[in-house]
Every structure is written in C-alpha cells, then in structure tokens.
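Some notes on the structure that comes next.
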C-alpha cells in the first residue's frame, strides 16, 4: 500500500480515502484568490461525504458565513451498501439525535443540511447548526435523490470513490454545475472525459501538480512500509500517487503563460539531455513534433506537438490549443492518421500511429499547438 496509486486502489476496491483539511483549504483558497465571491450566494453540495469522517463538510461549515454560502448540503452512503465501511458504528452525533432510527441507519443514506440559521442560538452559524435526516435510498450519487440535489446545487466539491470516478464524472457533466473533485490524473485520457478537457469545460485545479498526497483510510485498510502512519488518535494514513483536482472553477494559474525558449535555444541550452545537442523527433506517419518535457516546448514552432500528460498542470487556454488525445484512434483518424493493424499495439505501435513510443507508457501524449497571437 506504500505510495499507492489510484489504479491499484480501484482494482483492490479500497477507495474510501479521506482528503486532508490542508488539501481542501489550498484548493479552495486558489479559487477565492481569483474570485473572492466564488461561493457567495451559492448552494454547495458535498456528495459521498459523511461529516463524521470527512473534512469537506467541516471545512465549508466553518467558513459558511465568511464565504457567504446560501446553503450547504452533504450526503453519505448507507453503510450496508458501502464496502469501505465494514467497521461502521453510529456516532454519538447520530445515535443521540431524535432523527436516529436503528432500523434505517445501516440501509439508508443520510442528508446533512446547513442554512443561514442559528439553530442552537449560540450566536454563530457553523457545524453545530447542521441538521440531518435519512434519505429514502442508500445515498448512491446516481440515485434520483442525490441527482435532484445535484440539480439544485451551484457547486459540487468532493472526493468521490476512486473506483467510480468515471461514472461520477459523467454524472457531474449531466448536472451542468461547477465542481471541484479529486481523481487520478490519468482520467484526462478517458474518452468520456478528454473531450471536456479539450473544449475547456474541465481542467486541473491549481494546488496539486506533482508528487503524492496523504489520505486518511478506514481502520481495516492494511498499512505497510514507508509513507504510511497512524496518528495519536489512531487514524490511519497512506500516501497516494497521481492525484489531481478536476474542476471547471476558474483560477489564476490557468492564465499564466509558460515562459519558453525558442527551438534553437532549447537545442543549445535545454537542461534535458534528450533535447540538448540532439533536437526533436517527429512521428512516423504523422507530421507532428515529439516534445518529451513540457518546459522543452519551443516557443517558435507553430505546428502540432505531442506533449506528456503532465503538460496539463501548466496548460493555459490563452497560450495553447488542445488538438487531440493521441491514444484515441477516432481523433487520430480525424487528423488524417490512417488506422494500422494489431501489430502496432503497444509502445512501438503507438509511435507508428502518431503517438510517441515512451518508456513510461502511463504517460499518454496529448497533441497541442500554440494559439495564434492576434
């Protein structure tokens, strides 16, 4: 489990990871720096979120008045439907509530609501004023109840189950609201996600661009090796690779242009031995330039370039146009690259259909070009 990647989590069905407060705060602060009123007057929905375990509800409840929220809604999944909650026990917050019903508690989801009302009359509106009740169903985000809440919401923020990230994104797109959610960076290459990236309807959030991140996990998840720990309260943590925020909320980094050298200067001065003194390769059967590193993009090349997926951490829609996902055969055919036979499958084959052969096959090439300067 050390430095676990999200693909392994999906395969193991161990995908109940709790996002840390600092990660939520860094990402939301980036949106607020760009637009201080981004949450003002908004209904914020936090699906797949149990306030007893997750920091999302606690964070937005703390800042409810400061952010000017209109309404905060969280939903949680029924324990008997949630394979990650085999250690579930109702908390005192639930069991001491008049709403608690032992016959419903394991089979129904819950909805938690905070509005601008000082319910307990202590002079502030915060998580102590959170009200909750059972849903009719199990709280699955794809159910009619949570989908109706999606349609009511202005903004959705959550860490969805990693094994359900693809259907969760489809569910988000159907709602046509703004969102910020955590997932595997390689999800940008999904055929049902990439068109939204290409059309600038989705982009990476600004607060994570490299490295791994620490997540809390349930008590039954195994821990082994470096990068895992148990804190003084018994909470277990692991580190996960390949994490990114996926969002359609604007932030300032999207509009900061990359500072690039010309092709000649890259060949002469690049820090990358693959470019310095060697130059750039082009693709067999496709008129495009292979760019092995984002900072090696030449500023003066006006044709199509194949860049690593990590380019999206620096992508600015004002500076670049995304043309295609190189691993999508339909998109490559649309660019005039003819389909080839099964003998071209794999690293060597991808190069022959217009995608570079690379030692790190997990890093898909994205085809881009500079936007014309008006």
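All of the numbers you see were taken from the coordinates with simple rules; none came from a lab. Source: prediction; values computed, not measured. Neighbour counts are summed over all protein chains in view; Cβ atoms, including those assigned to glycine, are modelled from backbone coordinates with ideal geometry.
Can you give me the distance in nm between label points at residue 66 and residue 35, each placed 7 Å from the Cα along the Cα-to-Cβ direction?
Label-label distance for residue 66 and residue 35, simple model: 2.0 nm.
Taking the stretch 4-254, how much of its Cα-Cα pair set, in percent, is spaced more than 24 angstrom apart?
So the portion of pairs separated by more than 24 Å is 46 percent.
Counting DSSP beta bridges in the stretch 4-254, what percent are antiparallel, to the nearest 5?
Just about 70 percent of them are antiparallel.
Based on the mean of other beta carbon atoms within 10 Å per residue, what is the order of 268-281, 303-316, most packed first?
Per-residue Cβ counts within 10 Å, averaged per peptide and sorted highest first, yield 303-316, 268-281.
Scale the Cα Rg of the stretch 127-213 by the rule-of-thumb value 2.2 N^0.38 Å and send over the ratio, two decimals.
1.21
Once the piece of chain linking residue 26 and residue 147 is laid out straight, how much longer is it, given 0.36 nm per residue of separation minus the C-alpha distance between them? Intermediate results must be reported in sequence, preceding the final value.
Working: separation 121, 0.36 × 121 = 43.56 nm, distance 2.77 nm.
Full-extension gain reported as 40.8 nm.
What is the calculated FRET efficiency for residue 233 to residue 321, with r their C-beta to C-beta distance and R₀ = 51 Å, to the nearest 0.05?
Once rounded, the FRET efficiency stands at 0.55.
Take every Cα pair under 8 Å in the stretch 111-160 that's 6+ residues apart, average their separations, divide by the length, and report that relative contact order as a whole percent.
25 percent.
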